[in-house]
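What follows is calculated from the coordinates using simple rules that are stated; it is not laboratory data. Bear in mind the structure is a predicted one, so any value in this text is a computation, not a measurement. Here the Cβ positions follow ideal geometry from the backbone for every residue, glycine too, while neighbour counts run over all protein chains shown.
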Amino acid sequence: MRQTLVIVVLVLVLGMAMSVAAEEAKQPPVFSPLPFAQALQEASASGKLLLVDAMASWCPPCRKMDETTWRDPKVLAWVASHALAIQIDVDEVATLAQELRIEAMPTMLLFRSGKELDRLMSYQDPDTLIGWLDGLAAGKTRLQTLSDRAARLAGKGREEVKARYDLARAAKGAGDHARAVEEFTWLWEHALEASPAFRGVRLSFMVEEMRQLALSFPPARAKFQELRDRLTPALTAMTCDREQYADWQALCRIINDEQAILDWYGKAKGDPRAKDLLFTIGGDLAEILAAHGRWGEAGSLLRDPVTDVRGLLFMGKSMATSPDYRSMTLAGVGPIYAMLLAAGRTAEAETIGREILAEVGDVPQSRAELVRYALSASATAPIHEAWLAEAASAGVEVADLLAGRAAVLREGKR
């Protein structure tokens, strides 16, 4: 659970870093207004390259590039000399985005004579972007550049880990799935030896990237299942430690086999040998159980939810000026509130409910959202009746919440 909540916090931090002005800015002048097909034809006819920026209006790194990289004089000069550049919003041209295999935003693609030469994903500063473009002009793809860099940094700890992670992501984005599997496997097996600080990335962002790869490339799933299965005997014998369990659970998610986690828990909860382990991994298991509708069991496994919530609220204090602060904070801690109510841990739920409202604003909208999270777990509390009445009086639309609460009460839920 903590890895998911950390991602929520990081996304909010990144969103705050983007200025409001960037949202209102017009398309950078480096881009031609031509549609893709016409731009591809014109670039080919004029002997120029076609540079495509695939972005989304809601994407913070895309907005940052609009505000910085795409307005940099060096980038403007490079494009003027070598290419025609266009920008496409993937939400407005969804079919084209699918045809171009856009999986993340922003993605920069470079074409010559109608054929894709290479692509680059994620935010790029001006120097990195120009370095990529110059390399391509000299006949060297991003993968070749990154592969050379990883080779040079072999054995250099954190630097090698970063280089190989960049290579793995680039290979995945470029469709070189076999190379991506090779690099992700190395990272899974060796990254922590070289850079212990990589643990957070490994069990959050990298898990999602490996999961996407496994979904689209069957050999990736087979390899990642092999990594998972190496850990299974220790899980079966109830002799694994918390780190081994965290790896095993992450690999189950990567290969889309959460049922294996549920099956293991079904055995472990009745096995005396697993008592101490379950105590330490409760938070990890809780998220899985809740996702499968087992909210009460999830709540029963949380070891110290009040302290956890306080920690998350403290981490988010610096982001309180963001317009998305309330909704993002509730998305991180609301499920914990729901789990506790579903588990009958009413006093703890009341405590974190008060602290959440004190942090995000004790207003009818916030109270209604907490009720919504509780009802998602088929749970409610007596205070919810007053909260919803106050919200309705304040003009908040709560008809669906009132109906949902009535249904929960009829079913005899907490």
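The label-point distance for residue 77 and residue 230, in a model that sets each label 7 Å from Cα toward Cβ, rounds to 5.0 nm.
Based on the alpha-carbon gyration tensor of the chain and its eigenvalue square roots a ≥ b ≥ c, which shape applies: rounded if a/c is under 1.5, prolate if not and a/b is larger than b/c, or oblate? Spell out each step's value before the answer.
Numbers: a/c = 2.44, a/b = 1.45, b/c = 1.68.
Oblate.
Is the shape of the stretch 212-303 rounded, prolate or oblate, going by the alpha carbon gyration tensor and its root eigenvalues a ≥ b ≥ c, with a/c under 1.5 for rounded and a/b larger than b/c for prolate?
Working: a/c = 2.40, a/b = 1.47, b/c = 1.63.
Oblate.
Peptides 144-156, 168-180 ranked from most to least packed give 168-180, 144-156, packing being the mean of other C-beta atoms within 10 angstrom over each peptide's residues.
Other residues lying with their Cβ under 9 Å from the Cβ of residue 302 contribute a combined charge of -1, Lys and Arg counting +1, Asp and Glu -1. Think of each Lys and Arg Cβ as +1 and each Asp and Glu Cβ as -1; about the Cα centre, that makes the dipole of the chain roughly 640 debye. The protection proxy used here, the mean number of other Cβ atoms lying within 10 Å of each residue, ranks peptides 74-81, 342-349 as follows, highest first: 342-349, 74-81. Cross-link partners for residue 26 among the lysines, with Cα-Cα distance under 18 Å and sequence neighbours closer than 8 places in the same chain left out: 64.
From the cross-link list 115/140; 115/223; 48/74; 74/140, which pairs have alpha carbons spaced over 27 Å apart? Could the numbers behind the result be given before it?
Values: 115/140 15 Å; 115/223 32 Å; 48/74 18 Å; 74/140 20 Å.
Checking Cα-Cα distances, 115/223 exceed 27 Å.
Global size of the stretch 94-153: 12.6, 40 Å for Rg and Dmax (C-alpha atoms, Rg to one decimal, Dmax whole).
Working from label points 7 Å from Cα in the Cα-to-Cβ sense, the residue 92 to residue 411 distance is 4.4 nm.
Shown here are the Rg and Dmax of the Cα trace of the stretch 305-410, at 13.1, 42 Å.
Across the alpha-carbon set of the stretch 10-140, the Rg to Rh ratio works out to 0.95, Rh being the Kirkwood radius.
With the simple model of a label 7 Å out from the Cα in the direction of the Cβ, residue 215 to residue 27 spans 2.9 nm. Have a look at 130, 35, 52 and report the one farthest towards the positive end of the charge dipole of the stretch 10-140, computed about the Cα centre with Cβ charges (Lys/Arg +1, Asp/Glu -1). It is 130, whose Cα lies furthest towards the positive end.
If r is the Cβ-Cβ distance from residue 257 to residue 182 and R0 is 22 Å, what FRET efficiency results, to the nearest 0.05? Mind dumping the intermediate values first?
On the way: r = 22 Å, r/R0 = 1.01.
Here the calculated transfer efficiency is 0.50.
Test of understanding: what is the full-extension gain from residue 144 to residue 117, defined as 0.36 nm times their sequence separation minus their Cα-Cα distance? Each step should come with its number before you reach the end.
On the way: separation 27, 0.36 × 27 = 9.72 nm, distance 1.24 nm.
Value of the extension gain: 8.5 nm.
If R0 equals 41 Å, the separation of the Cβ atoms of residue 101 and residue 158 corresponds to a calculated FRET efficiency of about 0.85.
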